[in-house]
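Participant: One structure follows; several queries about it will come next.
The values are calculated or read from the model by the stated rules, or taken from the named source; none is laboratory data. Note that the coordinates shown come from a computational prediction; the quantities given were computed from them, not determined experimentally. Neighbour counts run over all protein chains shown; Cβ positions are idealised from the backbone, glycine included. In case anyone asks, the SASA skips ligands and DNA or RNA and just uses the protein heavy atoms, side chains included. Shrake-Rupley method; radii C 1.70, N 1.55, O 1.52, S 1.80 Å.
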Amino acid sequence: MLSLILVTLTAAAAGLAVWAADRHRDRYGVLLLPGIAVCAAILAWIAFQMAGAASFESAWIGWAVPAAVAVLAPLIAAVPIGRKRAAADTAEQDRILRL
């Protein structure tokens, strides 16, 4: 259970760090990327627990791989979300200004 808490806290911190480094962070909320990171990390943690890969001999896998997934998931998600939101906001602003 301690590994789940550590993975969750690490994922939230990683998601906030990715949000802070993103250029398009003003286009979406603060909790979107940390939420993606936490969900991905918890799913990876559950998968490793169910597979038995986090046994006593290889206990580091049960928290190291989900922590790496927690860094990669918001990085991968930030690119299309930021671009799509920026394009949608620009289109909406143009529509409003044409009125």
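Participant: Look at A13 and say whether it is at negative phi, surrounded by 14 or more Cβ atoms within 10 Å (Cβ to Cβ), without any contact (Cβ under 8 Å) to a residue 24 or more places away in the chain and within 20 Å of the chain's Cα centre (by Cα).
Facilitator: For A13, the condition - at negative phi, surrounded by 14 or more Cβ atoms within 10 Å (Cβ to Cβ), without any contact (Cβ under 8 Å) to a residue 24 or more places away in the chain and within 20 Å of the chain's Cα centre (by Cα) - is met.
Participant: Considering only residues that are aliphatic (A, V, I, L, M) and free of Cβ contacts under 8 Å to residues at least 12 places away in the same chain, look in the range 60-71 and name the one that is least open to solvent (accessible area, probe 1.4 Å).
Facilitator: A64
Participant: Does I81 satisfy the criteria of being in contact (Cβ under 8 Å) with a residue 40 or more places away in the chain, touching a Gly at 6+ places or on another chain (Cβ under 7 Å) and of a type in the set (A, V, I, L, M)?
Facilitator: Judged against the criteria, I81 is not a match.
Participant: Out of curiosity, is A47 under 13 Å from P74 (Cβ atoms), open to solvent by 30 Å² or more (accessible area, probe 1.4 Å), at pLDDT below 95 and out of contact with any strand residue (DSSP E or B) (no Cβ under 9 Å at 6 or more places or on another chain)?
Facilitator: No.
Participant: Which condition from (1) open to solvent by less than 60 Å² (accessible area, probe 1.4 Å); (2) without any contact (Cβ under 8 Å) to a residue 12 or more places away in the chain; (3) farther than 18 Å from A13 by Cβ is the one that A86 breaks?
Facilitator: (2)
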